[in-house]
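The structure appears below as structure tokens.
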Amino acid sequence: MFRVMDRGDRWIWEKAAASLNPSQVENTLLQLSETWPPAAPPIVDVIEKFPLGEAALLHLLAMSSICATRLVRHPEILLWLGQPDACLSARGYEQMANDLRALAGDSIAAENFRALRFWKGREMARIALRELADVAPLEETTAELSQLAEICLSAVFKHWNSELRQRSGSPDAEFTMLALGKLGGGELNHSSDVDLIFLYSNEGQVSPRLSYHEFFNRLGKKILETFATRDPEGPLFRIDLRLRPEGSAGPLACSLESMEHYYGGFGETWERLALIKTRGICGSRELAYEFLRQHQPFIYPSSPTPDLLDEIASIKRRIERDIVGQENLGRNVKLGAGGIREIEFIVQALQLIHGARHAFLQEPSMLKALRALHQLDLLPRDEVVKLDEAYRFLRRVEHRLQIDAEQQTHTVPQEPAVLRRLALSLGFSSSREFTGALQKRMRNVRSIFRRVISEKSAEAKPIDLAIFSDQRRATKALADLAQASVSFHIAPRTRQIFRKLRPLLLDWLAKAADPDATLNQFVRFVQAYGLRSLLFELLVTNPRLLELLVKTFDASQFAGSLLIRRPQLLEDVTRSENLDRGIAIEEHLRRLASLDLTRASLDGVRAYRQTELLRIVLRDVLGLVDLAKLLAEHSALAEACLLFVNRLLGSEELTIIALGKFGGREIGYGADLDVLFVGEDIRAAQNLVVAMAQPSAEGNLPTLDARLRPDGDKGPLVCSLAAYESYYLRRAQLWELHALTRARSVTSPLQDQFIDMAQRCWRETSQRADLFNQIDNMLERIRRERGSGHDFLDFKTGAGGIIEAEFLVHALQMKAEIWNPNWNDALEQLHECGVLPAAQAADAKRGYEFLGKQNRFNASERCRRTTKARGSSRL
């Protein structure tokens, strides 16, 4: 070390101490002394006689850790930079390309393009050095960085184009790379992505098995892979293809004809803004020219849409909200309030508005376009001066932030030491002076942006969002419906349709019990549906369908989640003739049989049930069915699924008895099925219970609950007819005999014998003198053990609640020996027999239906929780 460092450690310490970053400079100089070539001139002489001055080199080492690392790894770069012709003046495209050819020769692709990567790193150090030495103006720096990227892209393209043509044959078509964004404008910074579109001239076949489309997409993929591959010599450039038609979902390369169709039918304002900066950088220049000629009317429309400024203002608001964040608006020099992007939007908006009439404005370079706006008197001179000054200042700050590690950062640091180093590097005496200058320029830009764009876009009527608890979140949700994310494509026609849909949607949301949750569900459904233009048009032209969606999302989380998971069900259900009528068990069974299912998979039955549950929910929320018919439809669907699964399993010799609400054909959303099994085949009953309880991605089937059997969970799952009779006559408690009020046979062969036996035992119980007292005691016990403790609020177990209404009718049935499993039918019979006066029967029916309606609002949520719980228990 001391051979090359003639003045020893003290020299290193003195140089480092005088720099902006002493520790980094000291470490770099120490490491350089260890890697310095023995045959090279002493490093002290190289530094002190550096063509741009010793201070310029130390400034680079202090501000750029990545350049310092390069020089340590390859000290020959420092020797090259020490030559006067290397960094005293700017280098043009040809000179840079000749340097690469001299360095790489004919083997540019060898070792993962190692020579190209080394050359790119060397050039990045040279360009950074010249900028930090203040010998390169902004235009020169951005032009050299852009040339550097173009040469890298051209070298990789030429290699893979030649390789693929040798392997697969040559398509009779042209290919070009179109640069957009900062590369398109010749304005790259030290860590820009390169925005590209891959374009080929026409479709065709290279061979019977390889189309032009496949060939050029393979070429694009090879280029991407090369630039994305990591290497010890460092990266090339980050390629971003998201500005191509259809974004990340589209093919890597598109034909000229497909581009024309896309932009003509679906092109958006943000795509017009992007294409302003388009230019061909490698491949066929003629094809790039033809693309720009064809799309000039799209990029510069003769009659811009009235909402152009509103769209640009909206894009900027979403950038600030979704990407920058409130805390960084004053520190992000690119995307913040008054940042670089606002200057670009001002210029590009005026280019879009006036570019068709003034060809002088059809310019990809931002600074050149800004000068053209002044020459055409489209911006006042003082505003042009402020924008030009702010742009140059903000770009210098951006470059300083990125030179350190060549990372894509745009936010001014808050740490005092780092902020002070940045300020001194830019020529300010203190952090406060720099911060003041930054704030002044960003305020100037924001003021002009508001005048040109924001204030002119604020003519739309404000939406009354008072119906929402979280108005900020609702605003974002509505904006997402109209615009989607910052990078997602929404066609102008889609936004126009949504403007018509929005007031209709808000009207229905205002009538919802929970507008916030309902809007959230609606947004999720739209995202899942995909073709939002088609959906919005459908909802605008069919207001009843919009009403149906909003009411469904408001009333049932189960139905909403099902629609979001399977949005095609909306059309399947609403387009059929079955929405206006109920479906009987027999028809359900015919439809299930037509699915041609086997016992190996019950997913077909589960999917069918989900669809039919949705149909029932839609009938319910639209008021197409009263409560009694609604419960009957639920029961018919459940019974059909049970019968069909039982047939698939080959268990038809098993007798199944329905009890509870299932027995009365009165089950609601998410209800279990209370059953008894009669016979000898325990395995058949077990298989049926397991099959019905098994959930899958297609949903679930109703669970069978056999706890009303003799001795409950401790008793056998299946009992013989004699065992049931013996139990009911000798050991059964009143509640078990009371439960027989709703007994109904579902399957043969012992169904008639069981019902006869059950009726005998039930009638014998009904003769008890204290029957009503015992039933009242049962009711009190249920309130104690299952009630919430709030008699008035608990509409199920509380005083005057659902269970009390059911026990009342069942007690009167037993006393009058009126056997009928259905509550409504039994109530009617009690009235006809004179047990209940007409007025009392009518009051009981109205009260029962009212409580049943309240109960059903929670039922679909219980259904969802049941499905989730089953999945959890399986795990």
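How many residues does region 105-121 contain that are of a type outside the set (D, E, K, R) and either over 23 Å from GLU144 (Cα atoms) or modelled with pLDDT under 90 (or both)? First the steps, then the outcome.
Within region 105-121, the subset of a type outside the set (D, E, K, R) is 105, 107-110, 112-113, 115-116, 118-119, 121.
Applying the additional criterion that residues be either over 23 Å from GLU144 (Cα atoms) or modelled with pLDDT under 90 (or both) yields 105, 107-110, 112.
Counting residues in region 105-121 that are of a type outside the set (D, E, K, R) and either over 23 Å from GLU144 (Cα atoms) or modelled with pLDDT under 90 (or both) gives 6.
Give region 243-263 a look and list any residue that's open to solvent by 40 Å² or more (accessible area, probe 1.4 Å), touching a helix residue (DSSP H, G or I) at 6+ places or on another chain (Cβ under 7 Å) and in a helix (DSSP H, G or I), or say none.
Listed by number, the list holds a single entry, GLU260.
Return the pair list, or none, for Cβ contacts closer than 8 Å from residues in region 652-679 that are under 24 Å from LYS796 (Cβ atoms) and modelled with pLDDT under 90 to residues that are aromatic (Phe, Trp, Tyr) and open to solvent by 10 Å² or more (accessible area, probe 1.4 Å), at least 6 apart or on different chains.
TYR669/PHE558; GLY670/PHE558
Taking region 281-327 as the search range and keeping residues that are at pLDDT 90 or above and charged (D, E, K, R), which one is surrounded by the most Cβ atoms within 10 Å (Cβ to Cβ)?
The selected residue is GLU290.
Name the residue, out of ARG473, ARG499, that is at negative phi, open to solvent by 50 Å² or more (accessible area, probe 1.4 Å) and modelled with pLDDT of 85 or more.
On the way: ARG499 fails: modelled with pLDDT of 85 or more.
Residue meeting the stated conditions: ARG473.
Condition check ((1) at pLDDT 95 or above; (2) crowded, with 16+ Cβ neighbours inside 10 Å; (3) part of a strand (DSSP E or B)) across all residues:
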site	(1), (2), (3)
GLU163	no, no, no
GLN166	no, no, no
SER170	no, no, no
LEU188	no, yes, no
SER192	no, yes, no
ASP195	no, yes, yes
ASN202	no, no, no
GLU225	no, no, no
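Among the residues in region 429-449, are any open to solvent by 40 Å² or more (accessible area, probe 1.4 Å) and of a type in the set (A, V, I, L, M)?
Looking through region 429-449, none of the residues is open to solvent by 40 Å² or more (accessible area, probe 1.4 Å) and of a type in the set (A, V, I, L, M).
Among the numbered criteria (1) under 22 Å from TYR669 (Cβ atoms); (2) open to solvent by less than 50 Å² (accessible area, probe 1.4 Å), which single criterion is violated by LEU546?
Of the numbered conditions (1) under 22 Å from TYR669 (Cβ atoms); (2) open to solvent by less than 50 Å² (accessible area, probe 1.4 Å), the odd one out for LEU546 is (1).
Going through GLU123, GLU54, GLU48, GLU76 one at a time, which residue ends up being closer than 24 Å to THR229 by Cα and either free of Cβ contacts under 8 Å to residues at least 12 places away in the same chain or of a type in the set (D, E, K, R) (or both)?
On the way: GLU54 fails: closer than 24 Å to THR229 by Cα; GLU48 fails: closer than 24 Å to THR229 by Cα; GLU76 fails: closer than 24 Å to THR229 by Cα.
Just one listed residue meets the conditions, GLU123.
Is there a residue being farther than 30 Å from GLN753 by Cα, open to solvent by less than 10 Å² (accessible area, probe 1.4 Å), in contact with a Phe, Trp or Tyr (Cβ under 9 Å, 6 or more places away or on another chain) and among the aliphatic types (A, V, I, L, M) anywhere in region 630-650? Write out each step before concluding.
We begin by selecting, within region 630-650, every residue farther than 30 Å from GLN753 by Cα; these are 630.
Still in the list and also open to solvent by less than 10 Å² (accessible area, probe 1.4 Å): 630.
Imposing the further condition that a residue be in contact with a Phe, Trp or Tyr (Cβ under 9 Å, 6 or more places away or on another chain) reduces the set to none.
Checking region 630-650: not a single residue is farther than 30 Å from GLN753 by Cα, open to solvent by less than 10 Å² (accessible area, probe 1.4 Å), in contact with a Phe, Trp or Tyr (Cβ under 9 Å, 6 or more places away or on another chain) and among the aliphatic types (A, V, I, L, M).
Please determine, by comparing only the residues of region 586-605 that are aliphatic (A, V, I, L, M) and over 18 Å from ALA636 (Cα atoms), which one is modelled with the highest pLDDT.
As a first pass, look at region 586-605 and keep what is aliphatic (A, V, I, L, M): 589, 592-593, 595, 597, 600, 602, 605.
Now narrow it down to the ones that are over 18 Å from ALA636 (Cα atoms): 595, 597, 600, 602.
Numbers: LEU595: 82, LEU597: 76, ALA600: 64, LEU602: 85.
The qualifying residue modelled with the highest pLDDT is LEU602.
Kindly establish whether SER154 is touching a strand residue (DSSP E or B) at 6+ places or on another chain (Cβ under 9 Å), farther than 30 Å from LEU426 by Cα and not in a loop (DSSP other than H, G, I, E, B).
Working: touching a strand residue (DSSP E or B) at 6+ places or on another chain (Cβ under 9 Å): yes; farther than 30 Å from LEU426 by Cα: yes; not in a loop (DSSP other than H, G, I, E, B): yes.
For SER154, the condition - touching a strand residue (DSSP E or B) at 6+ places or on another chain (Cβ under 9 Å), farther than 30 Å from LEU426 by Cα and not in a loop (DSSP other than H, G, I, E, B) - is met.
Any idea which of (1) without any contact (Cβ under 8 Å) to a residue 60 or more places away in the chain; (2) under 18 Å from GLU187 (Cβ atoms) is the one HIS374 doesn't satisfy?
(2)
Could you name every one of the helices (runs of 4 or more DSSP H) located completely within region 279-386 that has at least 3 residues being out of contact with any helix residue (DSSP H, G or I) (no Cβ under 9 Å at 6 or more places or on another chain)?
Values: elements: 285-299, 308-319, 340-354, 366-375.
Of the helices (runs of 4 or more DSSP H) lying wholly inside region 279-386, those with at least 3 residues that are out of contact with any helix residue (DSSP H, G or I) (no Cβ under 9 Å at 6 or more places or on another chain) span 285-299.
Which of (1) closer than 30 Å to VAL809 by Cβ; (2) of a type in the set (A, V, I, L, M, F, W, C); (3) open to solvent by 20 Å² or more (accessible area, probe 1.4 Å); (4) assigned to a loop (DSSP other than H, G, I, E, B) does LEU597 not meet, given it meets every other one?
(1)
Does region 122-135 hold any residues that are among the aliphatic types (A, V, I, L, M) and either at pLDDT 95 or above or surrounded by 21 or more Cβ atoms within 10 Å (Cβ to Cβ) (or both), and which are they? Even if it seems obvious, please write down each step before you answer.
Going through region 122-135, the residues among the aliphatic types (A, V, I, L, M) turn out to be 124-125, 127-129, 132-133, 135.
Once the filter is applied, which keeps residues that are among the aliphatic types (A, V, I, L, M) and either at pLDDT 95 or above or surrounded by 21 or more Cβ atoms within 10 Å (Cβ to Cβ) (or both), region 122-135 yields MET124, ALA125, ILE127, ALA128, LEU129, LEU132.
Among the residues of region 497-545, write down those that are among the β-branched types (Val, Ile, Thr) and touching a residue at least 40 places away in the same chain (Cβ under 8 Å). Talk me through it step by step, then tell me what you get.
So the first thing to find is which residues in region 497-545 are among the β-branched types (Val, Ile, Thr), and the list is 497, 518, 523, 526, 540-541.
Answer for region 497-545, where residues must be among the β-branched types (Val, Ile, Thr) and touching a residue at least 40 places away in the same chain (Cβ under 8 Å): ILE497, VAL523, VAL526, VAL540.
Mind telling me which of the residues LEU779, LEU734, LEU721, LEU717 ends up being farther than 18 Å from LYS661 by Cβ and within 54 Å of the chain's Cα centre (by Cα)?
On the way: LEU779 fails: farther than 18 Å from LYS661 by Cβ; LEU734 fails: within 54 Å of the chain's Cα centre (by Cα); LEU721 fails: within 54 Å of the chain's Cα centre (by Cα).
Matching residue, one of LEU779, LEU734, LEU721, LEU717: LEU717.
Look at PRO380 and say whether it is closer than 21 Å to ARG272 by Cβ and either open to solvent by 10 Å² or more (accessible area, probe 1.4 Å) or β-branched (Val, Ile, Thr) (or both). Reasoning before the result, please.
Details: closer than 21 Å to ARG272 by Cβ: no; either open to solvent by 10 Å² or more (accessible area, probe 1.4 Å) or β-branched (Val, Ile, Thr) (or both): yes.
In short, no.
Against the definition (free of Cβ contacts under 8 Å to residues at least 40 places away in the same chain, out of contact with any strand residue (DSSP E or B) (no Cβ under 9 Å at 6 or more places or on another chain) and not in a helix (DSSP H, G or I)), how does GLY623 come out, yes or no? Outline the logic, then answer.
Working: free of Cβ contacts under 8 Å to residues at least 40 places away in the same chain: yes; out of contact with any strand residue (DSSP E or B) (no Cβ under 9 Å at 6 or more places or on another chain): yes; not in a helix (DSSP H, G or I): yes.
So GLY623 fits the description; yes.
When residues of region 718-745 are filtered for being of a type in the set (A, V, I, L, M, F, W, C), at pLDDT 90 or above and buried (at least 18 other Cβ atoms within 10 Å of the Cβ), how many remain?
Final tally of qualifying residues: 3.
Does GLN407 meet the test of being open to solvent by 20 Å² or more (accessible area, probe 1.4 Å), within 28 Å of PRO235 (Cβ to Cβ) and either touching a residue at least 24 places away in the same chain (Cβ under 8 Å) or among the hydrophobic types (A, V, I, L, M, F, W, C) (or both)?
Working: open to solvent by 20 Å² or more (accessible area, probe 1.4 Å): yes; within 28 Å of PRO235 (Cβ to Cβ): yes; either touching a residue at least 24 places away in the same chain (Cβ under 8 Å) or among the hydrophobic types (A, V, I, L, M, F, W, C) (or both): yes.
Taking the combined requirement at face value, the residue satisfies it.
Could you please find all residues in region 355-373 being within 22 Å of ARG293 (Cα to Cα) and open to solvent by 40 Å² or more (accessible area, probe 1.4 Å)?
ALA356, ARG357, HIS358, ALA359, PHE360, GLN362, GLU363, LYS368 - these are the residues of region 355-373 that are within 22 Å of ARG293 (Cα to Cα) and open to solvent by 40 Å² or more (accessible area, probe 1.4 Å).
Where residues in region 79-98 are assigned to a helix (DSSP H, G or I) and free of Cβ contacts under 8 Å to residues at least 24 places away in the same chain, which of them is farthest from PRO42 (Cα to Cα)?
My answer is GLU94.
The values are calculated or read from the model by the stated rules, or taken from the named source; none is laboratory data. Given the structure is predicted, the values throughout are model-derived calculations rather than measurements. Ideal geometry is used to build each Cβ from the backbone, glycine not excepted, and the neighbour counts take in all protein chains shown. For accessibility, only protein heavy atoms count, side chains too; no ligands or nucleic acids. Shrake-Rupley method; radii C 1.70, N 1.55, O 1.52, S 1.80 Å.
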